[in-house]
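See structure below.
The values are calculated or read from the model by the stated rules, or taken from the named source; none is laboratory data. What you see is a predicted model; the values in this text were computed from it and never measured. Reconstructed Cβ throughout: ideal geometry from the backbone, glycine too, with neighbour counts over all protein chains shown. Ligands, DNA and RNA are excluded from the accessible area calculation, which covers all protein heavy atoms including side chains. Shrake-Rupley method; radii C 1.70, N 1.55, O 1.52, S 1.80 Å.
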Amino acid sequence: MGAAAADLEARQLRILRRVADLELAAQQHRLAALSISGSPSEGEVETGATEARLSAILTARGVLDFTFRRVPADYYDRPLEERRDLLRADAVEQLCKSIVMVNTQSSEDVVDCSNPKNSKYYVVVVQYMARLNADSIKNFIYALNEKQIPKKRFNMRLAPEEESLKLTGFVHNAVTCIGMETDIPVIIDEAITKLDKDFFWLGGGEVDLKLGMRTSQFLNAFKPFVVKCS
């Protein structure tokens, strides 16, 4: 009886998710894919403020191949394979996140992000499926400073959520390295740049908004540090 109830509950959950996916697909069909060169047609839903702001930043930087997608409220409760399908991504390897990291052992005079080579904070873009290696980032920054700063002055840790919000302007699960409140140096994991498809996905500034773009254009436009950090 317990097994039958569990099976029924699983079926109901799959049905509810399917309904949510259909509702989302209908919404995305109405919104349509973002077109950079075209203007909204009559009856088209107006682009949200966050999407419009980030689109303007990307376009100004020369990133032309990008798109936004809305996802269901339970997006982060779903396995990576379902998230991939919702975004219509080619592989789970394309699903990435932006993490704000802080150097907890920096010198007293290092308090902001004015020096990209020795910043108090860095935003690291890494795949969801990957395990971030903080020591690799520490070693990279140490080498970036030509080993002139003692290695003990580098200890990269995840920044507290309130600090991340203050620095980026984005809440948890919405953080993106585009259009942040602070000009934080960006590090992208080398693995993302070596994917078969020249495309990756990350947060879009809102919890239910995701942003996908051509990797090569992102690299050319924002010149992030490419580091093997997973």
Check: From the cross-link list Lys138/Lys210; Lys147/Lys228; Lys147/Lys210; Lys197/Lys223, which pairs have alpha carbons spaced over 27 Å apart?
Finding: Lys138/Lys210; Lys147/Lys210
Next item on the list: Compute the Rg to Rh ratio over the range 107-153 from the alpha carbon atoms, using the Kirkwood formula for Rh, and round to two decimal places.
Entry: 1.00
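What is the local net charge at Leu58, summed over the other residues whose Cβ is closer than 11 Å to its Cβ (Lys, Arg +1; Asp, Glu -1)? Intermediate results must be reported in sequence, preceding the final value.
Numbers: positive: Arg53, Arg61, Arg214; negative: Glu51, Asp65.
Cβ neighbours under 11 Å give a net charge of +1.
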Item checked: Estimated D of the range 61-105 in µm² per second, where Rh is the Kirkwood radius over Cα pairs and Stokes-Einstein applies at 20 °C, 1.002 mPa s -> 166 µm²/s
Margin query: Could you give me D for the range 144-230, from Stokes-Einstein at 20 °C and 1.002 mPa s, where the hydrodynamic radius is the Kirkwood radius over C-alpha pairs? Units µm² s⁻¹, please.
Written below: 146 µm²/s
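Enter the accessible area per residue of the range 168-207 (Å², integer; probe 1.4 Å; all protein chains in place). Don't jump to the answer; show the numbers that get you there.
On the way: 1580 Å² over 40 residues.
Ligands and nucleic acids excluded, the result is 39 Å² per residue.
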Notebook entry, point to check: Which Rg and Dmax, in Å, describe the Cα atoms of the range 49-227?
Noted result: 16.0, 48
Check: With all protein chains present, how much of the accessible area of the range 49-227 (probe radius 1.4 Å) comes from carbon and sulfur, to the nearest whole percent?
Finding: 46 percent
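How much net charge surrounds Gly179 when only the other residues with a Cβ under 11 Å from the Cβ of Gly179 are counted, with Lys and Arg +1 and Asp and Glu -1? Walk me through the numbers on the way to the answer.
Numbers: positive: Arg53, Arg61; negative: Glu51, Glu181, Asp183.
Net charge in that neighbourhood comes out at -1.
Within a Cβ distance under 15 Å of Gln105, other residues only, what is the Lys/Arg minus Asp/Glu net charge?
Within the 15 Å Cβ shell, the charges total +3.
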